[in-house]
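Peer 1: Quick one: the structure is below, and I'll ask about it shortly.
The values are calculated or read from the model by the stated rules, or taken from the named source; none is laboratory data. What you see is a predicted model; the values in this text were computed from it and never measured. Quick reminder, even Gly has a Cβ in these numbers, built from the backbone with ideal geometry, and neighbours come from all protein chains shown.
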Amino acid sequence: MEIRSKRHPILDYVLIIIGTTILAISINMFFDPLEMVTGGVTGLAIIIKSVTEGFVDGGIPIYITNMVINIPLFIIAFLLKGRHFGARSLFATFYLSFALFYTGGLQPLTFDVLLGGIFGGLLAGIGLGLVFSAFSTTGGTDLAASIIQHFAKHISVAQIMLFLDALIILLGLYLFGPEKTMYAIISIYISVKVIDGILEGLHFSKAAFIISDFSEAISEQLMINLDRGVTGLHGEGKYTHNKKELLLCVVSKREIVKLKEIVRDIDKNAFVIVADVREVVGEGFVEYEVSKNEAIK
């Protein structure tokens, strides 16, 4: 049995369109007017636009730079890795350039660097999160890193991406100063957190590990009062070598308080560990989707 996506493939492209549009809005309304370089090809495009303002009226537009840099990267990636390499990413990259073009006339909402960094990072995180959730990327440094890694297999793609983005941010530091760079780093942090929330889910659960001499009574009350399953794991105290039963129970965030109250009422000396759980699949949480053929079996 496998977890199947209920989403139609066309919806992935809808998510890419929405995500790249939101990302383009964050760039045109916050990052570009405030000269905040958050890495990536779009960050490099902001730098190029600023540097070329003396030669071209308004500087070279961001959408042109994004297209000019990504086209040769995709050609190289196609030659190295074959036709299977990222049709969705190709679509996302070109649509991002288009979105940067048609949102280019939007006016900045604020010239406060802190507010711009916070809300720009929020929008960028939402946009990228939607794109990534559609199993796509927007090209740029991750595409360049994949090409470099093809020739330097001892270095991971993530390490190369970090190096490339750091170079772009340092270039922004040189051109726009340390203050805007520090705000850009805050914006990057916000974006990463938002992306994680979209990809991993915002409805976190809690896992409780309970060690008690009254494990039977505790497990019984948890199953009755919370209607949650409890798993007993056999353990041993390495100092005393006493055998113990470790109870594992996964509950929702709102149920964790009740769980601790149940344990406290039965055994005030119980040892309880509570940990965050990013995703739970199974009965009582996110259900598996079973196909009709599997159901017949």
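Peer 1: Which pairs turn up if I take residues in the range 187-198 that are in contact (Cβ under 8 Å) with a residue 60 or more places away in the chain and assigned by TED's automatic domain parsing to the domain that holds A124 and look for partners that are outside any helix (DSSP H, G or I) and among the hydrophobic types (A, V, I, L, M, F, W, C) with beta carbon separation below 9 Å, at least 6 apart in sequence or on another chain?
Peer 2: As it stands, the answer is S187/M36, since those pairs meet every condition given.
Peer 1: Quick one: would you say A184 is out of contact with any Pro (no Cβ under 8 Å at 6 or more places or on another chain), farther than 19 Å from M36 by Cβ and surrounded by 17 or more Cβ atoms within 10 Å (Cβ to Cβ)?
Peer 2: no
Peer 1: From L90, L96, L34, L80, which residue is assigned to a helix (DSSP H, G or I) and either among the charged types (D, E, K, R) or at pLDDT 90 or above (or both)?
Peer 2: L96 is the lone residue from the list that is assigned to a helix (DSSP H, G or I) and either among the charged types (D, E, K, R) or at pLDDT 90 or above (or both).
Peer 1: Taking the stated definitions as given, is G105 of a type outside the set (D, E) and either in a loop (DSSP other than H, G, I, E, B) or more than 18 Å from the chain's Cα centre (by Cα) (or both)?
Peer 2: yes
Peer 1: Follow-up question, since we're still on this one. Would a scan of the range 223-235 turn up a residue that is in contact with a helix residue (DSSP H, G or I) (Cβ under 8 Å, 6 or more places away or on another chain), part of a helix (DSSP H, G or I) and either surrounded by 13 or more Cβ atoms within 10 Å (Cβ to Cβ) or modelled with pLDDT under 90 (or both)?
Peer 2: Looking through the range 223-235, at least one residue is in contact with a helix residue (DSSP H, G or I) (Cβ under 8 Å, 6 or more places away or on another chain), part of a helix (DSSP H, G or I) and either surrounded by 13 or more Cβ atoms within 10 Å (Cβ to Cβ) or modelled with pLDDT under 90 (or both).
Peer 1: Continuing with this model, one more query. In the range 250-273, is there at least one residue being surrounded by 12 or more Cβ atoms within 10 Å (Cβ to Cβ) and in a loop (DSSP other than H, G, I, E, B)?
Peer 2: Within the range 250-273, one or more residues are surrounded by 12 or more Cβ atoms within 10 Å (Cβ to Cβ) and in a loop (DSSP other than H, G, I, E, B).
Peer 1: Okay, next question. Inspect the range 5-26 for any residue being under 24 Å from L122 (Cα atoms), touching a Pro at 6+ places or on another chain (Cβ under 9 Å) and assigned by TED's automatic domain parsing to the domain that holds G121 and give the result as yes or no.
Peer 2: No: the range 5-26 contains no residue that is under 24 Å from L122 (Cα atoms), touching a Pro at 6+ places or on another chain (Cβ under 9 Å) and assigned by TED's automatic domain parsing to the domain that holds G121.
Peer 1: Still on this structure, I have one more. Could you please find all residues in the range 40-70 being without any contact (Cβ under 8 Å) to a residue 60 or more places away in the chain, surrounded by fewer than 22 Cβ atoms within 10 Å (Cβ to Cβ) and in contact with a Phe, Trp or Tyr (Cβ under 9 Å, 6 or more places away or on another chain)?
Peer 2: Listed by number, the residues that qualify are P61, I64, M67.
Rundown of residues vs (1) more than 19 Å from N70 (Cα to Cα); (2) touching a strand residue (DSSP E or B) at 6+ places or on another chain (Cβ under 7 Å); (3) of a type in the set (V, I, T), yes/no style:
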| position | (1), (2), (3) |
| --- | --- |
| A144 | no, no, no |
| I148 | no, no, yes |
| K153 | yes, no, no |
| Y174 | yes, no, no |
| E179 | yes, no, no |
| Y183 | yes, no, no |
| I190 | yes, no, yes |
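Peer 1: Cβ contacts < 8 Å: first residue touching a residue at least 60 places away in the same chain (Cβ under 8 Å) and at negative phi, restricted to the range 119-135; second residue assigned to a helix (DSSP H, G or I) and of a type in the set (F, W, Y), any location; separation 6+ or different chain. Result?
Peer 2: Listed by first residue and then by second, the contacts come to F119/F30; G120/F30; G120/F31; G121/Y189; L123/F30; A124/F31; A134/Y13.
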